[in-house]
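Some notes on the structure that comes next.
Please treat every number below as a calculation from the coordinates, not as lab data. If you're wondering where the values come from, they're calculated on a predicted model, not measured in any experiment. Positions of Cβ are generated from backbone atoms using ideal geometry, with glycine treated the same way; all protein chains shown enter the neighbour counts.
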Amino acid sequence: MTTDRTVTEPIDGGETATIVSDIAIVGGGLAGSLAAAVLARAGHRVALVDKRAVYPDEFRVEKIGGHQLELLRKLDFLSALDGVACRYDRVLNIREGKVVDVSVGQAYGFPYADLVAMARSQIPDPSSLIVDEVTAISNSDDVQHLELASGRRVTARLVVLATGMAGVLGYKLGIRRRVLAERHSVSFGFTIARKDRSPFDFEALTCYGERTADGIDYLSLFPVRAGMRANLFMFRDPTDPIMRELRREPEATVLRLLPGLQSYLGDFRVTDRVQNWVMDLTVVEGHLQPGVVLIGDAFQTNCPAAGTGVARLLMDVDRLCTEYVPRWLMTAGMGREKISQFYSDRDKIAADQQSLKMARFRQALTSRNDIGWDVRRRLHFLRRSLAHRVDQMHPGWLGRVRGALRA
């Protein structure tokens, strides 16, 4: 790592400038902002390039829990998350109006824009964020060159593409996206409240779909600062008229699809705009290139219903930024042999494969109506319900068994 901490060096005394860095990160969403913070806190010169100074209010990741929190704690972001998110510890899980079980464990709800802002706030030097747009990348075994829309340039030893599903820059480098499952799932996000403004009788709630024909995996309700947030995950044709009905008449449509919810929600209303997102399952090809590495959705997309996207993203950030980049910068060059180490990482590969496996499992468990999957679906919920009943009679039993299995 060089000792010169200068970020911007003028060229020929004109308006054009070259920004010199160790690592240039393209894309300032969650993946890019977390990576920038981890690397900058370790003392590396980082240039995070995004066209937005403040990330917009988009419907993306809105809750985190379980193993994801362990990774955030390892990367030292958990205390900052406490400042922007709503914590909850119990989730009531229901199906057909009946309690399946209760999930107990620390979790957080938040707007995605707040999560990105939290990650950016952990970057020691705010000037590391360059509000601009990358128009071209020239990569090599040594130094990488980025052209910006403003006319400025960025040079770096390594470029991290954290551009999500926007593949224009990758396409220019010969990186292609292969579709594994087109229009795999549809997600909806909105906020609800009771009309009389009284609180709901649960801290958080998950309601699973009742009929395979509806294609509903589950509706997740959890607290955010603006109220009770709802995430609905479906495996259904995005052109189906039900999608339009969910946007126009969300209250009536949700209760028609999930009638067992009525007694838990009471007289409620949707308090903001209904947002939705159609997700393709994709992976990239041609990505092993000198000086460039892809993370998060830029490398592989995920099924939102499976809940594996953030875990994959955090695994990418952890392995790349704490293991490989520091080691790569200690020696000359940034050829394919270095870049391949990250893509061959055992933990990364396992997270990627698990994400695709869970995506296919959630779709089959929700939508397949053959006898084999019908039996499997019934057994899935029966096992959960029985375990819950036993745990009610012998509190702590389930936790002790799970702890023993992990040991």
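Name every residue in region 346-373 that is buried (at least 18 other Cβ atoms within 10 Å of the Cβ) and either among the charged types (D, E, K, R) or outside any helix (DSSP H, G or I) (or both), in order of residue number.
Answer for region 346-373, where residues must be buried (at least 18 other Cβ atoms within 10 Å of the Cβ) and either among the charged types (D, E, K, R) or outside any helix (DSSP H, G or I) (or both): Lys348, Asp352, Arg362.
Find the residue count for region 176-226, including only residues that are out of contact with any helix residue (DSSP H, G or I) (no Cβ under 7 Å at 6 or more places or on another chain), crowded, with 17+ Cβ neighbours inside 10 Å and under 19 Å from Glu58 (Cβ atoms).
5
Of all residues in region 161-175 being surrounded by fewer than 20 Cβ atoms within 10 Å (Cβ to Cβ) and in contact with a helix residue (DSSP H, G or I) (Cβ under 6 Å, 6 or more places away or on another chain), which is farthest from Ala24 (Cα to Cα)?
Checking each candidate, the answer is Met165.
Every residue in region 297-344 that is more than 16 Å from Ala359 (Cβ to Cβ), part of a loop (DSSP other than H, G, I, E, B) and either of a type in the set (A, V, I, L, M, F, W, C) or touching a residue at least 12 places away in the same chain (Cβ under 8 Å) (or both), please.
Leu329, Met330, Ala332, Gly333, Met334, Gly335
Determine whether region 267-282 contains at least one residue that is without any contact (Cβ under 8 Å) to a residue 60 or more places away in the chain and crowded, with 19+ Cβ neighbours inside 10 Å.
Checked against the condition, which is being without any contact (Cβ under 8 Å) to a residue 60 or more places away in the chain and crowded, with 19+ Cβ neighbours inside 10 Å, region 267-282 yields no hits at all.
Can you tell me which residues in region 139-187 are closer than 19 Å to Ser340 by Cα and among the small types (Gly, Ala, Ser)?
Ser140, Ala156, Ala162, Gly170, Gly174
Considering region 251-276 alone, what residues qualify as being under 19 Å from Glu62 (Cα atoms) and not acidic (Asp, Glu)?
Restricting attention to region 251-276, the residues satisfying the condition of being under 19 Å from Glu62 (Cα atoms) are 270-276.
Val270, Thr271, Arg273, Val274, Gln275, Asn276 - these are the residues of region 251-276 that are under 19 Å from Glu62 (Cα atoms) and not acidic (Asp, Glu).
Would you mention how many residues in region 57-107 are surrounded by 16 or more Cβ atoms within 10 Å (Cβ to Cβ), among the charged types (D, E, K, R) and assigned to a strand (DSSP E or B)?
Qualifying residue count for the region: 3.
Do the conditions hold for Arg236, that is, is it of a type in the set (Lys, Arg), outside any loop (DSSP other than H, G, I, E, B) and more than 23 Å from Asp101 (Cβ to Cβ)?
It is false that Arg236 is of a type in the set (Lys, Arg), outside any loop (DSSP other than H, G, I, E, B) and more than 23 Å from Asp101 (Cβ to Cβ).
Evaluate the following for Tyr112: is it among the aromatic types (Phe, Trp, Tyr) and either in contact with a strand residue (DSSP E or B) (Cβ under 7 Å, 6 or more places away or on another chain) or surrounded by fewer than 17 Cβ atoms within 10 Å (Cβ to Cβ) (or both)?
Answer is no for this residue.
Of all residues in region 134-154 being polar (S, T, N, Q) and either assigned to a loop (DSSP other than H, G, I, E, B) or surrounded by fewer than 17 Cβ atoms within 10 Å (Cβ to Cβ) (or both), which is nearest to the chain's Cα centre (by Cα)?
Checking each candidate, the answer is Thr135.
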